[in-house]
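The values are calculated or read from the model by the stated rules, or taken from the named source; none is laboratory data. Keep in mind that this is a model prediction, so the values were computed, not measured. We place every Cβ from the backbone using ideal geometry, glycine too, and count neighbours over all the protein chains shown.
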Amino acid sequence: MELIDAIILGIIQGLTEFLPVSSSGHLELGKAILGAHALPEESLLFTVILHFATALSTLVVFRKDVFEILKGLFQFKWNEETQFSLKIVISMIPAALVGLFLNDFIEVFFDGAIIIVGIMLIITAVLLYLADLAKTTDKGVSFRGAFVIGMAQAVAILPGISRSGATISAAVLLGVDKTKSARFSFLMVVPLILGKVAKDLMGGEINFHGDQAVAMGAGFIAAFIAGLAACTWMIKLVRQSKLTYFAIYCLIVGLIAVAWSIWG
Amino acid sequence: MSKKNKNVQKPTKEFIFQKKNYLFLFIGLAFIALGFILMTGGGSDDPEVFNPDIYSFRRIRLAPTLVLIGLGIQIYAILLNPKKNKE
């Protein structure tokens with residue numbers, strides 16, 4: 001992999017992990033426009049490195065929250081932090097169930113079905129618009145809410161549905177405070193990413209060549225910095241109800257995708 | 001006078017990480033680098049010939065474990081709050 005490819009892929013990963021634009025949807029569109037082999041191929045190790053970089057950027061942004069959560073959790077009491085951790089676990093259940101039982105069904109959507117990607121992007125646009133319309137509250141995430149947000153995360157496996165967009169919108173539409181919604185959305189995915197990184201690393205399928213080191217390092221730094229910027233920016237956008245810009249973008253791309261698959 | 005007051009009131013900007021955080025970041029990096037170094041090699045020079053050494057204990061167990069420990073140390077380094085220890 002070329003150094004420039006690694007940096008570009010790192011920046012894309014860092015941005016799309018947090019900004020509500022659906023990386024998988026754009027990847028499918030990119031494949032349809034440029035051809036399946038036009039995009040630079042990522043090795044499993046590179047994917048692991050980029051995911052870890054975005055998880056680290058989340059941890060840096062929320063380091064105080066994570067520190068408090070871990071401190072409270074290890075007191076082994078039914079305190080706010082333990083409840084928050086349990087809510088994170090509950091939110092992971094739907095995506096885990098989908099991953100275990102519906103993997104083959106989901107594969108169908110990753111088979112160049114551009115019309116589906118377009119429709120999903122339009123759904124993302126509607127969700128983001130509705131999230132911006134929601135009133136400001138100071139409510140936190142409930143246990144039931146955590147499960148519903150988890151269901152939104154499971155649906156976001158589909159290409160075109162943004163994970164951050166779907167989960168933040170679901171939380172805000174449930175009446176949760178906007179900043180708390182963004183915080184929950186970004187923290188809920190960290191255990192999933194770290195678990196996946198550990199599973200992939202220990203899976204015995206990773207190999208490393210010394211000449212990849214510079215590209216991998218550059219990709220990691222690019223994803224980490226882009227992730228830091230995107231995470232901080234996204235929290236601000238959610239708080240200031242400025243998701244409509246992304247809603248407009250997703251709507252335009254979604255409509256073009258639908259039109260292209262019908263008339264193209 | 002007013003200028004001086006302004007200077008006094010200016011909040012001092014601090015780095016989010018202290019010396020101890022960087023120390024652990026570098027220890028984590030050393031583990032990751034060692035893991036990757038141990039992971040290298042083992043490939044066959046001839047594409048027609050399979051070299052089982054690529055799946056040796058060193059490459060598929062020890063090296064990823066060291067990388068994983070290194071990643072864990074990185075997380076610890078980020079979450080470490082040296083100010084709390086001083087208090």
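Does A:Pro20 count as modelled with pLDDT of 90 or more and in a loop (DSSP other than H, G, I, E, B)?
In short, yes.
Output yes when any residue across the stretch B:14-27 is at the interface with chain A (Cβ under 10 Å from one of its Cβ atoms), farther than 15 Å from A:Leu201 by Cα and either modelled with pLDDT under 85 or part of a loop (DSSP other than H, G, I, E, B) (or both), and no when none is.
Within the stretch B:14-27, one or more residues are at the interface with chain A (Cβ under 10 Å from one of its Cβ atoms), farther than 15 Å from A:Leu201 by Cα and either modelled with pLDDT under 85 or part of a loop (DSSP other than H, G, I, E, B) (or both).
Scan A:Ala213, A:Ala257, A:Ala230 and give me the residue that is under 17 Å from the mean Cα position of the chain (by Cα) and either over 30 Å from B:Gly42 (Cα atoms) or of a type in the set (A, V, I, L, M, F, W, C) (or both).
So the residue among A:Ala213, A:Ala257, A:Ala230 that is under 17 Å from the mean Cα position of the chain (by Cα) and either over 30 Å from B:Gly42 (Cα atoms) or of a type in the set (A, V, I, L, M, F, W, C) (or both) is A:Ala230.
Give me the pairs: first residue in the stretch A:192-203 and at the interface with chain B (Cβ under 9 Å from one of its Cβ atoms), second residue of a type in the set (Phe, Trp, Tyr), beta-carbon distance under 8 Å, and six or more apart or on different chains, which are they?
Every condition considered, the pairs that remain are A:Leu194/A:Phe52; A:Val197/A:Phe52.
Consider the stretch B:44-70. How many of its residues are surrounded by 12 or more Cβ atoms within 10 Å (Cβ to Cβ) and either within 19 Å of A:Leu201 (Cβ to Cβ) or at the interface with chain A (Cβ under 8 Å from one of its Cβ atoms) (or both)?
16
What about B:Val8, is it part of a helix (DSSP H, G or I) and either more than 14 Å from chain A (Cβ to nearest Cβ) or modelled with pLDDT of 70 or more (or both)?
Against the criterion (part of a helix (DSSP H, G or I) and either more than 14 Å from chain A (Cβ to nearest Cβ) or modelled with pLDDT of 70 or more (or both)), B:Val8 qualifies.
For the stretch A:224-264, give me each residue that is surrounded by fewer than 17 Cβ atoms within 10 Å (Cβ to Cβ) and of a type outside the set (A, V, I, L, M).
Passing the criteria: A:Thr232, A:Trp233, A:Lys236, A:Arg239, A:Gln240, A:Ser241, A:Lys242, A:Thr244, A:Tyr245, A:Trp260, A:Trp263, A:Gly264.
B:Asn81 is checked against (1) touching a residue at least 12 places away in the same chain (Cβ under 8 Å); (2) more than 22 Å from A:Phe46 (Cα to Cα); (3) at the interface with another protein chain (Cβ under 8 Å from one of its Cβ atoms) and fails just one. What number does that condition carry?
(1)
So A:Ile193 ticks every box in (1) more than 30 Å from B:Ser56 (Cα to Cα); (2) in contact with a His (Cβ under 6 Å, 6 or more places away or on another chain) but one. Which box is left unticked?
For A:Ile193, the exception is condition (1).
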